[in-house]
Amino acid sequence: MPNYKTTAEDFKIFQEEVDKWQKILGLLDWQIHTEQQKLNHRASCYTNHSGRIATLTLAVTWDNYGTPPGEQEIRRVAFHEICELLLAPLILCAESRYVVAGDIDSCAHKIIRTLEHVLFE
């Protein structure tokens, strides 16, 4: 199956979806940059926790994806990367070499409180 090269329109949809979910999920304390680069997978999320800066990248080429993805698939990929950003503090805490008792629970509850404020209300 041939590869699919993402278009400028695909990237625009990706950016719009990232912006939409950043606001919906209340991730306003992050400065998010979007880019279109060569990757080994469809998209990625890179974070700088101390600076609260994230780079969400849409791959230029989707391997083994011969037909153009629908707009919904591009939007789903952007949503997936925003979810990774939402969980990034918890992942950082869990992967830390030294974790103090309660750190992971505290990180998890920060995410839960965010979801309570933006989804439950």
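Has the range 43-52 got any residue that is within 19 Å of HIS80 (Cβ to Cβ), of a type in the set (A, V, I, L, M), at pLDDT 95 or above and not in a helix (DSSP H, G or I)? So far as the range 43-52 goes, yes, one or more of its residues are within 19 Å of HIS80 (Cβ to Cβ), of a type in the set (A, V, I, L, M), at pLDDT 95 or above and not in a helix (DSSP H, G or I).
Quick check on the range 51-63. Is at least one of its residues free of Cβ contacts under 8 Å to residues at least 12 places away in the same chain and either of a type outside the set (Val, Ile, Thr) or surrounded by 12 or more Cβ atoms within 10 Å (Cβ to Cβ) (or both)? No - not one qualifying residue is present in the range 51-63.
Out of all the residues in the range 11-41, which are part of a loop (DSSP other than H, G, I, E, B) and within 14 Å of ALA59 (Cβ to Cβ)? Let's see the steps before the verdict.
At the first step, the residues of the range 11-41 found to be part of a loop (DSSP other than H, G, I, E, B) are 25-30, 38-41.
LYS38, LEU39, ASN40, HIS41 - these are the residues of the range 11-41 that are part of a loop (DSSP other than H, G, I, E, B) and within 14 Å of ALA59 (Cβ to Cβ).
Just give me the residues in the range 13-50 being in contact (Cβ under 8 Å) with a residue 60 or more places away in the chain, closer than 21 Å to LEU90 by Cβ and over 12 Å from the mean Cα position of the chain (by Cα), in sequence order. Within the range 13-50, ILE24, GLY26 qualify.
When the test is whether a residue is assigned to a loop (DSSP other than H, G, I, E, B) and either within 11 Å of the chain's Cα centre (by Cα) or touching a residue at least 40 places away in the same chain (Cβ under 8 Å) (or both), LEU86 does not pass it. Can you tell me which residue within the range 17-34, out of those that are loosely packed, with under 15 Cβ neighbours inside 10 Å and of a type in the set (Asp, Glu), is modelled with the lowest pLDDT? By that ranking, first place goes to ASP29.
Counting only residues that are of a type in the set (D, E, K, R), over 12 Å from TYR4 (Cβ atoms) and free of Cβ contacts under 8 Å to residues at least 60 places away in the same chain, the range 64-83 holds 2 of them. Quick check on the range 62-81. Is at least one of its residues more than 12 Å from the chain's Cα centre (by Cα) and in a strand (DSSP E or B)? Taking every residue of the range 62-81 in turn, at least one turns out to be more than 12 Å from the chain's Cα centre (by Cα) and in a strand (DSSP E or B).
The values are calculated or read from the model by the stated rules, or taken from the named source; none is laboratory data. Here the structure is a predicted model, which means the values were calculated and not measured. Cβ sites come from the backbone with ideal geometry, for glycine too, and all protein chains shown count toward neighbours.
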